[in-house]
Amino acid sequence: MASQKLSMAVRRFGTSNVTSQLVKPPVQIFGIEGRYATALYSAASKQKTLEAVEKDMIKLQDSLKTDPKWREFIVNPTLKRQLKSDALKAVASKVSLKPESANLLQVLAENGRLKSLDGVISAFKTIMAAHRGEVICEVTTAKDLDSEQKQKLQGVLKGFLKSGQSIVLTTKVDPTIIGGMVVSIGDRYVDMSVATKIKKYSELISAPV
């Protein structure tokens with residue numbers, strides 16, 4: 001069964017034999033979430049259903065954010081694994097999930113890992129972004145950026161990209177950083193906030209001579 005194959009791929013992810021059978025993702029993500037996301041990417045790649053599976057994952061993640069009952073069912077550790085597995089089969093059929101997406105839910109339920117679903121989906125989305133040549137960039141500032149500032153910022157950030165890559169920029173506001181910005185682009189993280197600079201200066205001043 002497909003779910004058993006996916007489960008075996010996840011459990012034996014570190015062995016050279018199984019790893020060689022997986023479709024290598026464009027970006028490597030470590031940890032439990034990364035292992036499941038990579039196995040899902042491999043399965044969907046072989047079936048040529050990557051885009052459809054991504055839509056399934058986005059739909060499931062949105063439901064986790066907007067439906068308290070669904071989220072409670074997913075994260076509740078007191079519910080038996082078999083009960084969750086049976087319920088998820090019905091859900092997958094009702095909302096017409098792709099077999100690869102349904103198999104992921106089954107494997108997570110059988111292995112007692114459903115609480116990691118949100119993280120697995122986020123990891124899969126990161127892999128898919130890399131698959132399209134997109135580099136996720138998040139910029140945090142103390143105040144909202146206007147359209148001109150965003151345009152200039154995108155121009156600077158493009159200098160970090162390789163040929164064929166495109167940037168996907170998201171911005172958020174955090175008044176506690178006081179000024180400057182915090183930039184996360186791909187696997188790079190740069191803290192240029194005023195709050196961090198003040199903290200460093202304060203530590204230097206208070207350090208014993």
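Per 0.36 nm of contour for each residue apart, how much would the distance between residue 125 and residue 72 grow if the chain were fully extended, relative to their Cα-Cα spacing?
16.8 nm
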Ranked output for segments 90-96, 59-65 by mean other Cβ atoms within 10 Å, highest leading, reads 59-65, 90-96
Label model pair residue 169, residue 48: point-to-point distance (7 angstrom along the Cα→beta-carbon line) in nm is 3.7
Sorted largest first, the Cα spans of the chain on the principal axes come out in Å as 63, 43, 40
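Once every DSSP H run of n ≥ 4 in the chain is given -39500 (n - 2.57) and the sum is divided by its residues, what mean residue ellipticity at 222 nm do you get, rounded to the nearest 500 deg cm²/dmol?
-18500 deg cm²/dmol
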Here FRET efficiency (C-beta to C-beta, residue 161 to residue 63, R₀ 35 Å, nearest 0.05) is 0.60
Ranking 139, 128, 155 by how far each Cα lies towards the positive end of the charge dipole of segment 83-209 (+1 on Lys and Arg Cβ, -1 on Asp and Glu Cβ), the top one is 128
Rounded to one decimal in nm, the spacing of the 7 Å Cα→Cβ label points at residue 32 and residue 191 is 2.7
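Since every read-out is calculated from the coordinates, none of them should be taken as a lab result. Owing to the predicted nature of the structure, the values given are computational and were not obtained by experimental measurement. Cβ: placed from backbone, ideal geometry, glycine included. Neighbour counts: every protein chain shown.
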